[in-house]
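Enquirer: Take a look at this one; I'll ask things after.
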Amino acid sequence: MKEQWENLDLLREPLLDWYAAHRRILPWREQPSPYRTWVSEIMLQQTRVTAVIPYFERFMAELPDVYALSAVSEDRLFKLWEGLGYYSRARNLHRAAKMIVSEFGGELPPTVEALRKLPGIGDYTASAIASINFAAAEPAVDGNLLRVAARLVGCGDDITDSKVKKRFRDIMSISIDRGQPGQWNQAMMDLGATVCLPNGAPLCAECPGRSFCVAYREQLTAVLPVRAEKRKRRAEERTVFVLQRNGEIALHQRPDSGLLAKLMEFPNVLGNLDEGAARLQLAQWGLDVRDLSPCGTARHTFTHIEWQMKGYVAEVEGSCADLRWIGRKDLDSLAIPTAFRVFTEIARNCLV
Ligand code: SF4
């Protein structure tokens with residue numbers, strides 16, 4: 001298979017025509033601004049478009065500009081983010097908003113270099129913001145774009161390799177439409193999301209690049225793009241406690257760094273404890289157990305790890321310095337990670 005990089009140039013015009021007719025109507029595109037593009041792109045990392053739309057609208061209704069975002073409390077921000085997961089994204093948005101207010105007069109900077117210096121903004125997001133809002137000719141290269149480009153030019157190299165990504169980025173910096181770079185990036189995003197679909201199932205009949213696409217011509221859509229196999233996720237067993245005391249429920253604050261940093265969680269320990277070991281664990285925390293029973297299991301998948309959780313609901317007495325006891329109102333207003341969704345529901349029922 002001979003790579004045909006010129007296909008990226010050939011795609012430019014038909015791609016923009018196709019986009020004019022078939023673009024997705026998305027709330028952040030309707031009244032575009034650097035702030036709206038930024039927030040939407042951060043929300044879209046690891047999350048599907050349809051899931052993001054209601055979050056984005058709720059977020060914009062309450063935090064319509066960078067000043068509102070910089071001034072909101074972390075608790076409220078996490079509550080608005082609850083369900084989207086990957087809370088470090090929200091934390092970085094908050095830190096970046098404060099920097100934009102203090103160092104850039106409340107305006108996002110217009111260049112990729114300056115945007116890249118803000119917390120949570122990488123090459124892809126910086127290029128999306130700069131091209132869509134400031135007409136910078138910067139390709140926003142993510143897995144979607146790489147998939148389309150690798151098929152179109154017939155590239156069999158591993159697209160997860162950083163050198164290969166850089167080569168694609170350099171070439172796309174030339175192939176991008178210099179007059180409408182934001183449109184070109186959004187058109188590529190839409191083509192990848194709606195036509196050149198992953199897992200060997202592209203809808204080539206609807207594609208503006210069909211007449212010259214190498215993967216289509218040589219029937220290689222099932223094998224391109226090539227990706228090195230992902231590292232397997234590590235499974236981690238945990239035992240989670242829904243503890244009740246005098247009509248309140250216990251929560252624990254996670255450490256300042258690492259997975260789900262600083263968020264509230266149900267007290268939990270590593271391992272799959274049987275009832276005897278669970279009672280012993282509670283005694284080690286200084287709690288007297290009045291009643292304890294299993295309350296089901298749950299799984300939650302993070303990027304590199306899967307929690308396999310087993311729960312106990314227990315009526316206890318005594319105190320433990322690490323626990324915070326809360327009532328129904330606090331349970332509803334605090335952002336508790338989705339990983340604990342099953343246990344949050346159980347706690348809610350306990351507090352009725
Ligand atoms: S013709 Fe098919 S494989 Fe080629 S870019 Fe279009 S959708 Fe993707």
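The values are calculated or read from the model by the stated rules, or taken from the named source; none is laboratory data. Predicted model only: the values in this text are computed from it and were never measured. With ideal geometry, Cβ positions are generated from the backbone for all residues, glycine too; neighbour counts draw on all protein chains shown.
Enquirer: Scan segment 241-282 residue by residue and report those that are of a type in the set (V, I, T) and over 25 Å from R76 (Cα atoms). Give the derivation first.
Expert: Filtering segment 241-282 for residues of a type in the set (V, I, T) gives 242, 249, 269.
Once the filter is applied, which keeps residues that are of a type in the set (V, I, T) and over 25 Å from R76 (Cα atoms), segment 241-282 yields only V269.
Enquirer: When segment 299-332 is examined, which residues are found to be modelled with pLDDT of 95 or more and small (G, A, S)?
Expert: Residues satisfying the conditions are G311, A314.
Enquirer: Out of the residues in segment 23-68 that are of a type in the set (D, E, K, R) and assigned to a loop (DSSP other than H, G, I, E, B), state the one that is farthest from W81 (Cα to Cα).
Expert: Across segment 23-68, the extreme among qualifying residues is R23.
Enquirer: Suppose we filter L145, L197, L191 for residues that are surrounded by fewer than 18 Cβ atoms within 10 Å (Cβ to Cβ), modelled with pLDDT of 95 or more, within 14 Å of the ligand (Cβ to nearest atom) and not polar (S, T, N, Q); which single one remains? If you could, list the steps in order and put the result at the bottom.
Expert: On the way: L145 fails: surrounded by fewer than 18 Cβ atoms within 10 Å (Cβ to Cβ); L191 fails: surrounded by fewer than 18 Cβ atoms within 10 Å (Cβ to Cβ).
Exactly one residue qualifies, and that residue is L197.
Enquirer: Kindly evaluate L259 against the criterion of being closer than 29 Å to A20 by Cα and surrounded by fewer than 18 Cβ atoms within 10 Å (Cβ to Cβ). I'd like the intermediate steps shown before the answer.
Expert: Working: closer than 29 Å to A20 by Cα: no; surrounded by fewer than 18 Cβ atoms within 10 Å (Cβ to Cβ): yes.
For L259, the condition - closer than 29 Å to A20 by Cα and surrounded by fewer than 18 Cβ atoms within 10 Å (Cβ to Cβ) - is not met.
Enquirer: So the check is Cβ under 9 Å with 6+ separation or different chains; which pairs have a first residue in segment 170-183 that's within 20 Å of P110 (Cα to Cα) and a second one that's part of a loop (DSSP other than H, G, I, E, B) and of a type in the set (K, R)?
Expert: The qualifying pairs are Q183/R23.
Enquirer: Have a look at Y87, Y55 and point out the one that is surrounded by 15 or more Cβ atoms within 10 Å (Cβ to Cβ), within 14 Å of P27 (Cα to Cα) and not hydrophobic (A, V, I, L, M, F, W, C). Step through it out loud before you land on a result.
Expert: Details: Y87 fails: within 14 Å of P27 (Cα to Cα).
Exactly one residue qualifies, and that residue is Y55.
A quick yes/no check of all residues on (1) assigned by TED's automatic domain parsing to the domain that holds R116; (2) free of Cβ contacts under 8 Å to residues at least 40 places away in the same chain; (3) under 19 Å from I121 (Cβ atoms); (4) charged (D, E, K, R):
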residue	(1), (2), (3), (4)
D17	yes, no, no, yes
P27	yes, yes, no, no
Q31	yes, yes, no, no
V39	yes, no, yes, no
L44	yes, yes, yes, no
R48	yes, yes, no, yes
A61	yes, yes, no, no
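Enquirer: Where in segment 202-319 are there strands (runs of 3 or more DSSP E), lying wholly inside it, with at least 1 residues that are more than 30 Å from N92 (Cβ to Cβ) and either in contact (Cβ under 8 Å) with a residue 40 or more places away in the chain or within 16 Å of the ligand (Cβ to nearest atom) (or both)? Give the steps one after another, and end with the answer.
Expert: Working: elements: 234-245, 248-253, 268-270, 287-301, 305-318.
It comes to 234-245, 248-253, 287-301, 305-318.
Enquirer: Then there's this: Tell me which residues, restricted to segment 322-341, are crowded, with 18+ Cβ neighbours inside 10 Å and either in a helix (DSSP H, G or I) or out of contact with any Leu (no Cβ under 9 Å at 6 or more places or on another chain) (or both).
Expert: Applying the first criterion (crowded, with 18+ Cβ neighbours inside 10 Å) to segment 322-341 yields 323, 326, 331, 335-337, 339-340.
Correct list: L331, A339, F340.
Enquirer: Is it the case that L115 is under 26 Å from the mean Cα position of the chain (by Cα) and away from the ligand (no atom under 16 Å from the Cβ)? Spell out how you get there, then give the answer.
Expert: Working: under 26 Å from the mean Cα position of the chain (by Cα): yes; away from the ligand (no atom under 16 Å from the Cβ): yes.
Answer is yes for this residue.
Enquirer: Please list, ordered by first then second residue, the pairs with beta carbon atoms under 8 Å, 6 or more apart or interchain, first in segment 188-200 and within 19 Å of R12 (Cα to Cα), second more than 10 Å from the ligand (Cβ to nearest atom) and basic (K, R).
Expert: Every condition considered, the pairs that remain are D190/R23; D190/R24; A193/R24; T194/R24.
Enquirer: Right, another one. May I ask you to list the residues in segment 58-84 that are modelled with pLDDT under 95, basic (K, R) and loosely packed, with under 15 Cβ neighbours inside 10 Å?
Expert: R76
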